[in-house]
Amino acid sequence: MPMTALDKWYDYMKSHDHAALWDLLHPDAVFESPVVHTPQRGRDITFKYLSSAEKVLGGPGFRYIGEWRSANGAVLEFEKEIEGIKLNGVDIISFSDDDWIARFK
């Protein structure tokens with residue numbers, strides 16, 4: 001059975017392979033975060049935000065603790081401790097019909 005984009009996302013979070021992240025993103029991907037206030041449009045800017053976030057949040061101590069899937073997306077709950085502060089949040093990922101990440105919030 002072929003890997004889905006969600007499977008590939010999980011693999012990226014384990015491997016930290018930025019080429020794999022690039023290959024996952026739709027050319028018209030949109031990144032949304034309360035930190036940037038407005039939707040960021042396009043693969044280039046989405047890649048920059050996601051690869052930067054992975055550097056801060058990914059790695060040792062990062063783990064997904066919940067997953068909720070729909071026909072075209074998933075919500076992934078995560079935990080990470082940084083300098084004694086326990087973070088808890090969610091990644092909301094929407095996939096295109098051809099199985100790329102189309103929107104990441």
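Mind checking which residues of segment 71-105 are under 23 Å from Asp28 (Cβ atoms), of a type outside the set (A, V, I, L, M, F, W, C) and open to solvent by less than 60 Å² (accessible area, probe 1.4 Å)?
Answer for segment 71-105, where residues must be under 23 Å from Asp28 (Cβ atoms), of a type outside the set (A, V, I, L, M, F, W, C) and open to solvent by less than 60 Å² (accessible area, probe 1.4 Å): Gly73, Asp91, Ser94, Ser96.
Please indicate, with yes or no, whether at least one residue in segment 31-41 is more than 19 Å from Asn88 (Cβ to Cβ), more than 11 Å from the chain's Cα centre (by Cα) and in a helix (DSSP H, G or I).
no
Which condition does Asp99 not pass, out of (1) in contact (Cβ under 8 Å) with a residue 60 or more places away in the chain; (2) more than 15 Å from Leu6 (Cα to Cα); (3) part of a loop (DSSP other than H, G, I, E, B), if it passes all the others?
Answer for Asp99: the failing condition is (2).
Can you tell me how many residues within segment 1-48 are among the charged types (D, E, K, R) and open to solvent by 80 Å² or more (accessible area, probe 1.4 Å)?
7
For the subset of segment 58-70 comprising residues that are free of Cβ contacts under 8 Å to residues at least 24 places away in the same chain and either assigned to a loop (DSSP other than H, G, I, E, B) or of a type in the set (Lys, Arg) (or both), which member is least open to solvent (accessible area, probe 1.4 Å)?
Taking the candidates together, the pick is Gly61.
Taking only pairs six or more apart or across chains, which ones have beta-carbon atoms under 7 Å, a first residue in segment 1-26 that is more than 15 Å from Ser51 (Cβ to Cβ) and small (Gly, Ala, Ser), and a second residue that is open to solvent by less than 60 Å² (accessible area, probe 1.4 Å) and not in a loop (DSSP other than H, G, I, E, B)?
Ala5/Leu24; Ala5/Phe95; Ala5/Ile101
When you check Ala19 against the structure, is it at pLDDT 95 or above and touching a strand residue (DSSP E or B) at 6+ places or on another chain (Cβ under 6 Å), yes or no?
Taking the combined requirement at face value, the residue does not satisfy it.
The values are calculated or read from the model by the stated rules, or taken from the named source; none is laboratory data. Worth saying up front: this structure is predicted, and the values here are computed from it rather than measured. Reconstructed Cβ throughout: ideal geometry from the backbone, glycine too, with neighbour counts over all protein chains shown. Ligands, DNA and RNA are excluded from the accessible area calculation, which covers all protein heavy atoms including side chains. Shrake-Rupley method; radii C 1.70, N 1.55, O 1.52, S 1.80 Å.
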